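Report on the structure given below.
The values are calculated or read from the model by the stated rules, or taken from the named source; none is laboratory data. This one's a predicted model, so the numbers in the text were calculated from it and none came from an experiment. Here the Cβ is made from the backbone with ideal geometry for all residues, glycine too, and neighbour counts use every protein chain on show. Ligands, DNA and RNA are excluded from the accessible area calculation, which covers all protein heavy atoms including side chains. Shrake-Rupley method; radii C 1.70, N 1.55, O 1.52, S 1.80 Å.
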Amino acid sequence: MTEQTTEVAEEISNSVSIELLKAKLAAFAKERDWDQFHSPRNVLLCLVGEVGELSEIFQWKGEVEKGLPGWKEDEKVHLGEELSDVLLNVVRLSDVCGIDLGKAALRKLQLNAIKYPADVDYTNNYNIKKNRGANSNLPIV
């Protein structure tokens, strides 16, 4: 194994953080002199393209069960690659915009917990409507 392959293998065996991905992406772009192209708009457009590629995988499959039973291993590998492209572009976009993605995500989870209380039965439209008085942002399913 090369030094770079060993380094990647060690990182994979450990938990991967947003900060690690952010640093790797920044170094990757800098080594290629791509920072000049990584404006928020350009990275966003790249992200949209990658989401399109991810969507193509599911386009003609109909409803897909959790765990992807019946999918071939090469289909799962391809899905992982496209999911990674989306993730990496989200991380890069947050970096070029100066947004702490980890903190923003935790804040959004807290806001969603307020917006969608756990004690509401979201399978019953009557209960959702009854609870809308306390929180008018509850969805009507």
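Tabulated data
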read-out	value
Local electrostatic count, Asn89, Cβ distance below 14 Å [Lys/Arg +1, Asp/Glu -1]	-2
Accessible surface of the range 78-119 [probe 1.4 Å, protein heavy atoms]: carbon and sulfur percent	63
Rh (Kirkwood; distinct C-alpha pairs) - the range 6-115, Å	16.1
Sum of side-chain charges, Lys30 neighbourhood, beta-carbon under 14 Å (Lys, Arg +1; Asp, Glu -1)	0
Entries of Lys30/Lys76; Lys24/Lys76; Lys61/Lys108; Lys22/Lys115; Lys22/Lys76 with Cα pairs more than 28 Å apart	Lys30/Lys76; Lys61/Lys108; Lys22/Lys115
